[in-house]
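J.: One structure follows; several queries about it will come next.
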Amino acid sequence: YEALNHVTFPLQVLSKSCKIIPVMLMGKFLQGKTYQLVEYVEAVMITFGVFLFTMTEKGGSGKGADESSYVGIILLGMYLTCDSFTSQWQDKGYKAHKVT
């Protein structure tokens, strides 16, 4: 949660929308999942749309950070990586132990 002090609120919210790419990558590397081309295209389009929206954001007068810092962006990236790893690792464990 430390990242929340270093990035703007819109970036916090929108970064969760980009979670699909790390989840797909972790699924591919940890479980050997394959995705159809259309799924990759959809993930890139969603992320690109979020990126455009984030880059055009205007500063507001909220209580959070006025600007996003590199530290905050790195912390958000680490959070997304760990979060996507956790979900894929749990899925792998459930399948290995036949948990439904």
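J.: Tell me whether region 22-33 contains one or more residues that are more than 16 Å from LYS92 (Cβ to Cβ) and in a loop (DSSP other than H, G, I, E, B).
T.: No, region 22-33 contains no residue that is more than 16 Å from LYS92 (Cβ to Cβ) and in a loop (DSSP other than H, G, I, E, B).
J.: Does any residue in region 72-95 that is touching a residue at least 24 places away in the same chain (Cβ under 8 Å) come within less than 7 Å, Cβ to Cβ, of a residue that is in a helix (DSSP H, G or I) and open to solvent by 60 Å² or more (accessible area, probe 1.4 Å) six or more places away or on a different chain, and which pairs are these?
T.: Correct list of pairs: LEU75/GLU2.
J.: Return the only residue of LEU30, LEU14 being surrounded by 13 or more Cβ atoms within 10 Å (Cβ to Cβ) and more than 14 Å from the chain's Cα centre (by Cα). Show your work before the answer.
T.: On the way: LEU14 fails: more than 14 Å from the chain's Cα centre (by Cα).
None of the other options fit; the residue is LEU30.
J.: Collect the residues in region 1-11 that are surrounded by 14 or more Cβ atoms within 10 Å (Cβ to Cβ) and over 15 Å from ASP83 (Cβ atoms), keeping them in residue-number order.
T.: The answer is HIS6, VAL7, THR8, PHE9, PRO10, LEU11.
J.: Only residues that are outside any helix (DSSP H, G or I), touching a Leu at 6+ places or on another chain (Cβ under 8 Å) and over 21 Å from GLY93 (Cβ atoms): list them for region 1-21, please. Even if it seems obvious, please write down each step before you answer.
T.: Within region 1-21, the first condition is being outside any helix (DSSP H, G or I), and the residues that meet it are 1, 6-8, 18-19.
Filter again for touching a Leu at 6+ places or on another chain (Cβ under 8 Å), leaving 6-7, 18-19.
Across region 1-21, the qualifying residues are HIS6, VAL7, CYS18.
J.: Only one of these conditions is not met by PHE48: (1) open to solvent by 70 Å² or more (accessible area, probe 1.4 Å); (2) over 16 Å from LEU4 (Cα atoms); (3) modelled with pLDDT under 85. Which number is it?
T.: (3)
The values are calculated or read from the model by the stated rules, or taken from the named source; none is laboratory data. On a predicted model such as this, the values are computed, not experimentally measured, just so you know. Please note: Cβ atoms are built from the backbone with ideal geometry, for glycine as well, and neighbour counts cover all protein chains shown. Each accessible area value is taken on the protein alone, full model and side chains, heavy atoms only, with ligands, DNA and RNA left out. Shrake-Rupley method; radii C 1.70, N 1.55, O 1.52, S 1.80 Å.
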